[in-house]
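*Asks:* Dumping the structure here so I can ask a few things about it.
Every number here is computed from the coordinates shown, using simple stated rules; none is lab data. All values derive from a computational prediction rather than experimental measurement. Positions of Cβ are backbone-derived with ideal geometry, glycine not excepted, and every protein chain shown enters the neighbour counts.
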């Protein structure tokens, strides 16, 4: 497993740029590596995980930054998405 850390902060971006940046990061990574994506906003919280799955990667978790996993979490708060590249 690659020990390199992959991270992107897309909290200041809007769709579709949020997934475009995430996709570019995933393309640079080796298979099996984990990426941490910091995001916020209703559209990115819905679109980015869905698009990641549609491209064949695995969503490990989506949690409020510093908090618990919750589908009803406030989209105005930053969230942390962990993705495993396939």
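*Asks:* Which percentage, to the nearest 5, of the DSSP beta bridges contained in the chain is antiparallel?
*Replies:* 75 percent
*Asks:* Over the chain, what is the relative contact order in percent, taking alpha-carbon pairs closer than 8 angstrom and at least six residues apart?
*Replies:* 35 percent
*Asks:* Just the number, please: Stokes-Einstein D of the stretch 19-66 in µm²/s, Kirkwood Rh from C-alpha pairs, 20 °C, 1.002 mPa s.
*Replies:* Translational diffusion coefficient: 189 µm²/s.
*Asks:* Next up: Hey, any idea what the orientation-averaged projected area of the convex hull of the chain's Cα atoms comes to, in nm²?
*Replies:* Result: 5.1 nm².
*Asks:* Ok, one more. Helix 42-54 sits at what angle to the longest principal axis of the chain, using alpha carbons and giving 0 to 90 degrees rounded to 10?
*Replies:* That works out to roughly 30 degrees.
*Asks:* Here is a further query. Multiply the residue gap between residue 20 and residue 63 by 0.36 nm, knock off their C-alpha separation, and tell me the result in nm, one decimal place.
*Replies:* Answer, rounded to one decimal: 13.4 nm.
*Asks:* Report, in degrees rounded to the nearest 10, the 0 to 90 angle that the Cα long axis of helix 17-28 makes with the longest principal axis of the chain.
*Replies:* Once rounded, the angle reads 20 degrees.
*Asks:* Which distance in nm do the two modelled labels at residue 11 and residue 86 give, with both placed 7 Å along the Cα-to-Cβ direction?
*Replies:* 3.0 nm
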